[in-house]
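The values are calculated or read from the model by the stated rules, or taken from the named source; none is laboratory data. Bear in mind that the values here come from a model prediction, so they are computed numbers and not experimental data. Please note: Cβ atoms are built from the backbone with ideal geometry, for glycine as well, and neighbour counts cover all protein chains shown.
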Amino acid sequence: MAAERGFGAVAPLVLDRDAVPLDELLTKNSDQLDLAIYAINAAAFEVLSGLGLRADVLVGHSFGEFAALSAARAVSVADVARMACTRTEAFRRADPAEGGLLALDVPAWRAEHLVGLLDDPGLRLAIDNGPGQTVVSGPSASLRAAEEVATGLGLRATRLRAGYAFHNPVLHLAADIFRDSTADLRPAEPRVPVFSPVLGRHVRTVADVREVIARNMVAPVRFYDALLSLFRSGTTAFIEAGARQALTGIVRSSLPPSVRAVPLLPSRGDVASIVAALDDAGFPVSWNPLPDRHGPDEAVVPEARESPHAVALSGQDSLPARADVLSELARMYAEDLDFPVEMLASDIDLEADLGVDSAKQLALFQRVREQYGLAEPPAERRVRATTLEKIAELVEEQRR
C-alpha cells in the first residue's frame, strides 16, 4: 500500500539493525514516521497475541488510535497504511503554517489558564497526559510566546519534535482533505472493546469509528481522562504495545501504584527477554523455542498461561485496628468520590493525585467525624491529612 502511494519501504525502518534512528526519521524522513510507528504497534500487538495475552480493552494515543482500531479489527492493516499516507498527502496539499507542540509539566487546568492568559486564538490545549504533563499546540510564534511566559513563571516547557500544530483547529483544511479522501473506507464495529481519548468514551459503532478517524487531527487528546475512566471501570493492568516507554510512564505517574504498567519493548531484545519482562511484571507467559525442530529464524508459537486481570493491593504494615480503619475509610471515600475502592491506596494524595478539592475533602472528613464520633481536630492538623494513611492516624489520635 505505501509503495503504491509513492512512499518508501517501511520494513527496513523496523527490522534492520542499522535502521534510521528515530531522531533522524523525525527530521529527514517524517513522511514515513506514521507508517513506521503503526508497523511497530501492529507487530507488538501480534507478539502479545502470540504469547496468549488477550486485551480487555484497547486505547490509543493520538495517531495510535488508528492502531487500536486496527487491533480491534474495526479497520484493516491496509486501511491504516492508506490513512497514514493520506494524512501526509493532506498536509502537503493544505500546506498549513509552521507550528508544533509544547509540553508543559503542569496539569491541564494550569495549562488552560496559561492559554487563556495569552489570549491567542491559534494556541490550544492539545493533549492532557495527566497531572504531570499537558501539551499545547499552535503556530510557531504562538508557541514561542507560550514558552517565554511559562519559563518566566518557573514552569518547565519543552518543544516536541512535531512539524504541525496537531490536535488544533488550525489544521482544519488538512483535516477536511483527509476526511474527504478517506470517505470511502468501510470500517466495521470493533471486535474488542476500544476506548477513545478523542471521543471520551468507548467506540461501539461504525459511526463511532468514522468519528475517531475524522476528528483525530484536530480534536484534543484527553488521555488522562481515558486512563481514569478505564481505571474506575476496573482496568488495573496496562501493556504498551509499541517501541518506546512514553505511555507506560504516563500511566505510572497518573494512576495509583497498585496499577501495573509495562512496556512490551523496553529495549532491543529477543522474544525470550520480552517474555521475561512480562513475567516479571505479573503477566505470566511461557515460550518454548524447540531448537531441535526449528531453525534460528523461524517463529514459534509460545505456550500461554492464564494472566491475572486484576491486581490485589499489598497489605499494610500496621496494627489490625489501623488496617480496619483504612479499609473503612477506603470504602467511604470510594463511595463518595465514585472511584473503585482499589484506587484509594493508603498513600494516594487526594488532592495532588486524584484532584479532590479542599471543600470536598472537608465534607468527606465531616463524614469521618460522624462515623467515628470525633471532636473537631486543629485546623492545621486536618489540612495535613491528605492521604487515607494520615486520616487514619488522625482518627486514632482523636479516639485516644
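In region 218-245, the residues that are farther than 23 Å from Val341 by Cα reach residues that are of a type in the set (Lys, Arg) with C-beta atoms within less than 8 angstrom, at least six apart or across chains, in these pairs: Pro220/Arg124. Can you confirm whether region 39-50 contains a residue that is of a type outside the set (Ser, Thr, Tyr), in the same structural domain as Val212 (by TED's automatic domain parsing) and in contact with a Leu (Cβ under 6 Å, 6 or more places away or on another chain)? The answer is yes; a qualifying residue exists. For region 147-180, filtering for residues that are charged (D, E, K, R) and touching a Leu at 6+ places or on another chain (Cβ under 9 Å) leaves 4.
Scanning for something in contact with a helix residue (DSSP H, G or I) (Cβ under 6 Å, 6 or more places away or on another chain), among the aliphatic types (A, V, I, L, M) and at pLDDT below 95, does region 150-173 turn up at least one residue? Yes, region 150-173 contains at least one residue that is in contact with a helix residue (DSSP H, G or I) (Cβ under 6 Å, 6 or more places away or on another chain), among the aliphatic types (A, V, I, L, M) and at pLDDT below 95. When every residue of region 140-147 is checked against the conditions, at least one turns out to be within 25 Å of the chain's Cα centre (by Cα), among the aliphatic types (A, V, I, L, M) and under 25 Å from Ser254 (Cα atoms). State whether one or more residues within region 41-62 are of a type in the set (Lys, Arg) and either within 18 Å of the chain's Cα centre (by Cα) or at pLDDT below 80 (or both). No; the residues of region 41-62 include none that is of a type in the set (Lys, Arg) and either within 18 Å of the chain's Cα centre (by Cα) or at pLDDT below 80 (or both). Annotation: Val135 fulfils all but one of (1) among the aliphatic types (A, V, I, L, M); (2) in the same structural domain as Leu230 (by TED's automatic domain parsing); (3) outside any helix (DSSP H, G or I); the unmet one is (2).
The residues of region 208-247 that are β-branched (Val, Ile, Thr) and either surrounded by fewer than 18 Cβ atoms within 10 Å (Cβ to Cβ) or touching a helix residue (DSSP H, G or I) at 6+ places or on another chain (Cβ under 8 Å) (or both), listed by number, are Val209, Val212, Ile213, Val218, Thr236, Ile239.
Restricting attention to region 163-217, the residues that are out of contact with any Ser or Thr (no Cβ under 9 Å at 6 or more places or on another chain), small (Gly, Ala, Ser) and in a helix (DSSP H, G or I) add up to 3.
Being of a type in the set (Val, Ile, Thr), free of Cβ contacts under 8 Å to residues at least 40 places away in the same chain and part of a helix (DSSP H, G or I) is true of Val149. Can you tell me which residue within region 89-128, out of those that are touching a residue at least 60 places away in the same chain (Cβ under 8 Å) and part of a helix (DSSP H, G or I), is nearest to Arg222 (Cα to Cα)? So the residue we want is Ala108. In the set (1) at pLDDT 80 or above; (2) assigned to a loop (DSSP other than H, G, I, E, B); (3) within 24 Å of Ala68 (Cα to Cα), Phe231 fails one condition alone, (2). Would you check if there is a residue in region 241-263 being part of a strand (DSSP E or B), basic (Lys, Arg), under 16 Å from the mean Cα position of the chain (by Cα) and over 25 Å from Ala78 (Cβ atoms)? Checked against the condition, which is being part of a strand (DSSP E or B), basic (Lys, Arg), under 16 Å from the mean Cα position of the chain (by Cα) and over 25 Å from Ala78 (Cβ atoms), region 241-263 yields at least one hit. Among the conditions (1) in the same structural domain as Ala39 (by TED's automatic domain parsing); (2) in contact with an Asp or Glu (Cβ under 7 Å, 6 or more places away or on another chain); (3) in a loop (DSSP other than H, G, I, E, B); (4) of a type outside the set (Asp, Glu), Ser62 misses just one, which is (2).
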